[in-house]
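One structure is given below, encoded as structure tokens.
The values are calculated or read from the model by the stated rules, or taken from the named source; none is laboratory data. A quick note: this is a predicted structure, and the numbers were derived from the prediction, not measured. Neighbour counts run over all protein chains shown; Cβ positions are idealised from the backbone, glycine included. Keep in mind that these areas ignore ligands, DNA and RNA; they rest on the heavy atoms of the full protein, side chains included. Shrake-Rupley method; radii C 1.70, N 1.55, O 1.52, S 1.80 Å.
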Amino acid sequence: MVFWLARVAASFGFQMVSVAVGWQIYAITGRAFDLGLIGLVQFLPSIVLALPAGQLADQVDRRRVVLATLSLECLGIGALAMHTLQGHVHEHLILLLVFVIGIGKAFEWPSLQSLLPALVPSSLLPRAVGMSSSAFQVATMLGPVLGGLLYVAGSGVVYLIAALLYLMAAVMMAWLRYDHIPSSRERISFKSLFAGLHFIRGNKDVLGVLSLDLFAVLLGGTTALLPIFAKDILHTGPWGLGLLRAAPAVGALLVLLWLTRYEVQRHVGMVMFASVAGFGVATLVFAVSTVLYLSLLALCLLGAFDMVSMVIRNSLVQLDTPDRLRGRVNAANSIFINASNQIGEFESGMVAAWLGAVGATIVGGIGTLLVVVLWMELFPTLRLRQSLHRRSASGKLIQQVNDQII
């Protein structure tokens, strides 16, 4: 519960900051280009520092890493609050502090993801993953709303409250009972840095779920095109766009509430593939809809299907990965996630410029379904996998890969 509360507090703070930074920097410069720079200065640390962050997560106490990164992010947001309230803020300072926060996030993610398996028994991990993800979903839905309401009092107030939330998260993380004995320290080398990628390549099930997520998000993402659908197709205003953005999170949260009580215990491979296929079908329904209510329903289903497959994917990766490699595997996973989200938005925009928003979304939905069919053929053991927990044969395979890596 302490871990969950800490993640809720930090996630709310981050979503509030994301809203305030965008509004503030656009109010200062009036340039849409600067909004793109906000994403860039957060994206670069997540890619450049991912592998060193994974190495660190496997070498030292992960709780201390998360505590240190939360503290760094708290200081960065606190600096934004101080300079804004004093009236000494400009776009370059904002981007610099966002970059500092991005560095903290880059080191936080592998350790945070690797922390959870040590806090609960493996039999309860899928439910714990669902609860942890629910913290992010709640923050995604309500954090921007809270940040927008508080922005009426000024961006400095938003930053101040977000910094306090991060401070609360850091205090709770300091209180967290966590016994972890890091593996013996390895000499930093290219081999150790890339050990997570080596493990993923050698484990067909882990490679299958991560690559499936990568290509499904690359092809099926619709987030970047929602303003076009809201204005030109559904003929609604900013309020409608807000509903469209919130709808996937609503569907995901409802499924998470169910998954925290009822674990997927049988035919997990086929359930995951069926969920990704459902994601593709929901994307197609959204593409052809011209009615707001049907579009909202399609996006809710899209978020629900995505959450089922996400919980299965994350649980499978955590359970199949040895503890001494979890940090580096989660770091490699973060590269896939960030690349698919960023490049997926770029791909959607480029295809939409050629085929239009509806055509691009239809292509994405069909592409997702084709990926599901292809991956079921490429990864038959994943398709036939019955349980999230490793079989003995899988354990032997992992041990062979570990021997090669270590």
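Sort 58-68, 81-91 by the packing proxy (mean of other Cβ within 10 Å over each peptide's residues), most packed first.
Details: 58-68: 20.9, 81-91: 15.2.
Top to bottom by mean Cβ count within 10 Å: 58-68, 81-91.
If we sort 153-163, 167-177 on the protection proxy, mean other Cβ atoms within 10 Å, highest first, what's the order? Present the calculation step by step, with values, prior to reporting the outcome.
On the way: 153-163: 21.8, 167-177: 17.5.
Descending mean neighbour count gives 153-163, 167-177.
With R₀ fixed at 22 Å, the C-beta to C-beta distance from M350 to L370 puts the FRET efficiency at about 0.70. Here the extension length gained between W23 and V171 equals 50.3 nm, from 0.36 nm per residue of separation less the Cα-Cα distance.
Looking at the square roots a ≥ b ≥ c of the eigenvalues of the Cα gyration tensor of region 234-285, which shape do they give, rounded for a/c under 1.5, prolate if a/b is larger than b/c, or oblate?
Numbers: a/c = 5.98, a/b = 1.82, b/c = 3.29.
Oblate is the answer for region 234-285, as a/c is 1.5 or above yet b/c matches or exceeds a/b.
Note on F107: accessible area approximately 50 square angstrom, rounded to 10, probe 1.4 Å, nucleic acids and ligands left out. The stretch between M1 and M82, if pulled fully straight at 0.36 nm per residue, gains 26.0 nm over its current Cα-Cα span.
With each label modelled as a point 7 angstrom along the Cα→C-beta vector, the L40-L254 pair spans 4.0 nm. Do any trypsin sites (Lys or Arg not before Pro) in region 238-334 lie in a DSSP loop with no more than 15 other beta carbon atoms within 10 Å, and if so, which? Those that pass, being in a loop and sparsely packed, are R261, R266.
Going by average Cβ neighbours within 10 Å, how do the peptides 374-382, 14-22, 315-323 rank, with the highest at the top?
Values: 374-382: 15.8, 14-22: 23.1, 315-323: 21.6.
By packing density, highest mean first, the sequence is 14-22, 315-323, 374-382.
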